[in-house]
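A.B. asks: I have a structure here, written as structure tokens, and I will follow up with some questions on it.
Taken together, the values in this text are just the output of simple stated rules run on the coordinates, not laboratory data. The model shown is predicted, which means the values in this text are computed figures rather than measured ones. For neighbour counting, all protein chains shown are included, and Cβ atoms are generated from backbone atoms with ideal geometry for every residue, glycine included.
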Amino acid sequence: MKRVLIGATAVLVLVVAIVLVRTALVAAPPPLAVSAPPIGINSMDVARHLAAAIRFKTISYGNSAHEAEKNAQLDALRNWMEQTYPAFHRVATREIIGKSLLFTWKGKDAHAKPILLMAHMDVVPVVPGTAKDWSHDPFSGDIADGFVWGRGAIDDKGCLIALLDAAERLAESGFTPERTIMFAFGQDEEVGGSEGNANMAKVLAARHVHFAWVLDEGGAILNEPFPGVQQPVAFIAVAEKGYLTLQLVAHGTGGHSSRPTSDLAIARLSDAVRKVVDHPFASSIDDVQREQFSTLAPYMPFFQRMILANLWLTGPIVSNMLEKNPETAAMMHTTIAPTMISGGIKDNVLPPQATATINFRLHQRDTIESVIEHVRKAIDDPRVDVRALTETQSEASKVSDLHDGNGAFIVHAVRESFNGIPVAPTVTTGATDSRHYMAIADDVYRLDPFHMDPDDMSRIHGTNERLAISDIGPAVGFYMRLMQTAK
Ligand SMILES: [Zn+2]
């Protein structure tokens, strides 16, 4: 007995020693000394451009609603861009594809793979009934209290204007890029991008264009990335989740409700939905999260640092914590979201069929095929059809690297432009237009080069969307740096 006790104590001491050593090894934050002097930009000039762009109501309602008005606004925005950015329009060739814009700024090196910088011109509508909650009219483009206010200020006219201002300044100065730089400005990102970037990508694929890298919206610079971390961290999305919507169609015997059989379509459908929800997909901390934790750990207080530095021991606890928050849980697995249900036409008529719609966001470890298979197995009922809505589906993207080549280059540009901040990888749980270029690019990255407080996230697609004027100049500087140093 005594020997067992001594043995157990020895193991415990060893575990504690390993935990402390591993914690000590991450203790020193890496130096933040790579920052180059900021590129001088008058943020107010750019803020006025953003304000003007917000006033064009380029709203994507979906289902082609108000299409003519939107198209007129897109035409007006395009004309405004032509007048506002004359030097850029002189050096770059513009192609109008649908209502989307593809610019090509030829580089000196004709053999180097081109790069693609992206932003979308459309915005989501203001949720009906919430316009009164805005402290400035959503399409006023008001500049007040240090912000540019309005729908699209962050998503995604902020990026659009910062890109255009960056290119205009460089074009004015007589700069020619080393590599060819292309710009894709989509018309319908908020409703899937099928008219805009899907078509532009097809045109480019037919021309055998292949990009070294693509940069789109997606990640952000978070001021408080984690409880206890005081240091802003840039999160570059190195991947995005896939998208799949399935319709479950349950069949039954129709007829008068006074004589029901046990073959009930609605009961069968509700069983099927329940079974799908009760069969979650595999979930765990993946490589992107591990890398994110190892970037953040040095900035964390001792206790959190100890937890993250010892995932070999604490992994299950951390997984459990992440699973409790819908936002972090969504990073760990394919999500299941029943979104619509219908069946029946009258209170005394048994419907012969009933339909439920379930939306899935695919983790990298799953494919469209494996998700459909998983759902069929879970339901295990030949009287329930499983149909995929193929127009909107997309596989989970590949994961791009931040350590070597293109990724290291972008990380360096971020650190130089934003005071040497740490850069961590993330995965976007929503879809971006960059997915259309997945097959014709070596790497795809996603970043909104703006600082965001926790409450800014709810402004995107929400109420009181705004962008700080103090963020505009550095964003232009960041894009300028990318264009100047992409060799
Ligand atoms: Zn967006």
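A.B. asks: Taking 0.36 nm per intervening residue step and subtracting the Cα-Cα distance, what contour gain separates Asn325 from Arg274 on full extension?
C.D. replies: Details: separation 51, 0.36 × 51 = 18.36 nm, distance 2.15 nm.
This chain segment gains 16.2 nm when fully extended.
A.B. asks: Tell me which lysines have Cα within less than 17 Å of Lys202's Cα, excluding those fewer than 8 residues away on the same chain?
C.D. replies: Reachable lysines: Lys99.
A.B. asks: Around Pro454, under 14 Å between beta carbons, what's the net of Lys plus Arg minus Asp minus Glu among the other residues? Walk me through the numbers on the way to the answer.
C.D. replies: Details: positive: Arg459; negative: Glu224, Glu327, Asp453, Asp455, Asp456.
Net charge around Pro454: -4.
A.B. asks: Note down the net charge around Phe360, summing +1 for each Lys or Arg and -1 for each Asp or Glu among other residues with Cβ under 10 Å from its Cβ.
C.D. replies: Working: positive: Lys241, Arg361; negative: Asp366.
After counting each charged neighbour, the total is +1.
A.B. asks: So if we plug the beta-carbon distance of Trp80 and Asn223 into 1/(1 + (r/R0)^6) with R0 = 41 Å, what FRET efficiency do we get, rounded to 0.05?
C.D. replies: Details: r = 32 Å, r/R0 = 0.78.
According to the calculation, E is roughly 0.80.
A.B. asks: Relative contact order (percent) for the chain, with alpha-carbon contacts under 8 angstrom and 6 or more residues of separation?
C.D. replies: 26
A.B. asks: Got a sec? How would Thr426, Thr485 order by Cβ neighbour count within 10 Å, fewest to most? Walk me through the numbers before you get to the answer.
C.D. replies: Numbers: Thr426 25, Thr485 13.
Ordered by Cβ neighbours within 10 Å, fewest first: Thr485, Thr426.
A.B. asks: Using a Förster distance of 35 Å, how high is the FRET efficiency between Ala65 and Asp453, based on the Cβ-Cβ distance and rounded to 0.05? Provide the component values of the computation, followed by the final result.
C.D. replies: On the way: r = 33 Å, r/R0 = 0.94.
Taking R0 as 35 Å, the efficiency between Ala65 and Asp453 is 0.60.
A.B. asks: Any idea what the relative contact order of segment 242-388 is, in percent, if you count C-alpha pairs under 8 Å spaced at least 6 apart? Show your work: numbers first, answer last.
C.D. replies: Numbers: 219 pairs, mean separation 67.1, N = 147.
Over segment 242-388, the number comes to 46 percent.
A.B. asks: Continuing with the same structure: Using per-residue counts of other Cβ atoms within 10 Å, averaged over each peptide, order 435-443, 391-399, 18-26 from highest down. Each step should come with its number before you reach the end.
C.D. replies: Working: 435-443: 20.2, 391-399: 16.8, 18-26: 14.7.
Output ranking for 435-443, 391-399, 18-26: 435-443, 391-399, 18-26.
A.B. asks: As a quick test, which of the pairs Lys70/Lys398; Lys157/Lys241; Lys113/Lys241; Lys106/Lys241; Lys377/Lys398; Lys324/Lys346 have an alpha carbon distance above 29 angstrom in this structure?
C.D. replies: Values: Lys70/Lys398 33 Å; Lys157/Lys241 23 Å; Lys113/Lys241 26 Å; Lys106/Lys241 33 Å; Lys377/Lys398 26 Å; Lys324/Lys346 40 Å.
The pairs that break the limit, which is 29 Å between Cα atoms, are Lys70/Lys398; Lys106/Lys241; Lys324/Lys346.
A.B. asks: Can you give the net charge of the other residues whose Cβ lies under 12 Å from the Cβ of Lys108, counting K and R as +1 and D and E as -1? The partial results should precede the final answer.
C.D. replies: Numbers: positive: Lys106, Arg179, Lys487; negative: Asp109, Glu178.
Net of charged neighbours comes to +1.
A.B. asks: Going by average Cβ density within 10 Å per residue, which order do the peptides 405-413, 450-458 take, highest to lowest? It would help to have the intermediate numbers written out before the result.
C.D. replies: Numbers: 405-413: 19.0, 450-458: 15.3.
Going by the mean number of other Cβ atoms within 10 Å, highest first, we get 405-413, 450-458.
A.B. asks: Right, another one. Which helices, counted as full DSSP H runs in the chain, have an axial Cα extent of no less than 30 Å and a Kyte-Doolittle average of 1.0 or above? Intermediate results must be reported in sequence, preceding the final value.
C.D. replies: Values: long enough: 2-25 (34 Å, 2.08).
Correct list, ordered by number: 2-25.
A.B. asks: I'd like the per residue volume of the convex hull spanned by the Cα atoms of the chain, given in cubic angstrom.
C.D. replies: Numbers: hull volume 93.8 nm³, N = 487.
Convex hull volume per residue, Cα atoms: 193 Å³.
A.B. asks: Out of Val203, Ser284, Pro425, whose Cα points farthest toward the positive end of the dipole of the chain (charges: +1 Lys, Arg; -1 Asp, Glu; placed on Cβ)?
C.D. replies: Sorting the options by dipole projection puts first Ser284.
A.B. asks: In units of 2.2 N^0.38 Å, what is the alpha-carbon radius of gyration of segment 242-388? Could you put the intermediate results ahead of the total?
C.D. replies: On the way: Rg = 20.7 Å, N = 147, 2.2 N^0.38 = 14.7 Å.
Output field value: 1.41.
A.B. asks: Multiply the residue separation of Ala408 and Asp45 by 0.36 nm, subtract the distance between their alpha-carbon atoms, and state the gained length in nm to one decimal. Mind dumping the intermediate values first?
C.D. replies: Numbers: separation 363, 0.36 × 363 = 130.68 nm, distance 3.14 nm.
Between Ala408 and Asp45, full extension yields 127.5 nm more.
A.B. asks: Just from its helices, what would the mean residue ellipticity at 222 nm be for the chain, if runs of 4 or more DSSP H residues each count -39500 (n - 2.57) and the sum is divided by every residue, rounded to the nearest 500 deg cm²/dmol?
C.D. replies: Values: 15 runs with 184 residues, N = 487.
Taking each H run of at least 4 residues, the total per residue is -12000 deg cm²/dmol.
A.B. asks: Something else about it: State, to one decimal in nm, how far the label point of Val15 lies from the label point of Lys487, with both points 7 Å from Cα in the Cβ direction.
C.D. replies: Each label point is offset 7 Å from its Cα along the Cβ direction, giving 5.3 nm.
A.B. asks: Between segment 279-334 and segment 346-361, what's the alpha-carbon centroid distance in Å?
C.D. replies: Using only Cα atoms to place each centre, the spacing works out to 38 Å.
A.B. asks: Which value, in debye to the nearest 20, describes the size of the charge dipole of the chain about its Cα centre when Lys and Arg Cβ atoms bear +1, Asp and Glu Cβ atoms bear -1, and nothing else is charged?
C.D. replies: Values: 44 positive and 55 negative charges, 185 e Å.
Dipole of the chain, to the nearest 20 debye: 880 debye.
A.B. asks: Sticking with the crude label model, points 7 Å out along Cα→Cβ, report the distance from Ser284 to Arg383 in nm, one decimal please.
C.D. replies: It is 3.9 nm.
A.B. asks: Moving on. Could you order the peptides 145-157, 321-333, 127-139 from most to least packed, using the average number of other C-beta atoms within 10 Å per residue? Before the final figure, lay out each step's value.
C.D. replies: Details: 145-157: 24.5, 321-333: 14.9, 127-139: 13.4.
Final packing ranking: 145-157, 321-333, 127-139.
A.B. asks: Modelled label-to-label distance, Glu373 and Asp263, 7 Å Cα→beta-carbon offset: nm?
C.D. replies: That separation, rounded to one decimal, is 3.2 nm.
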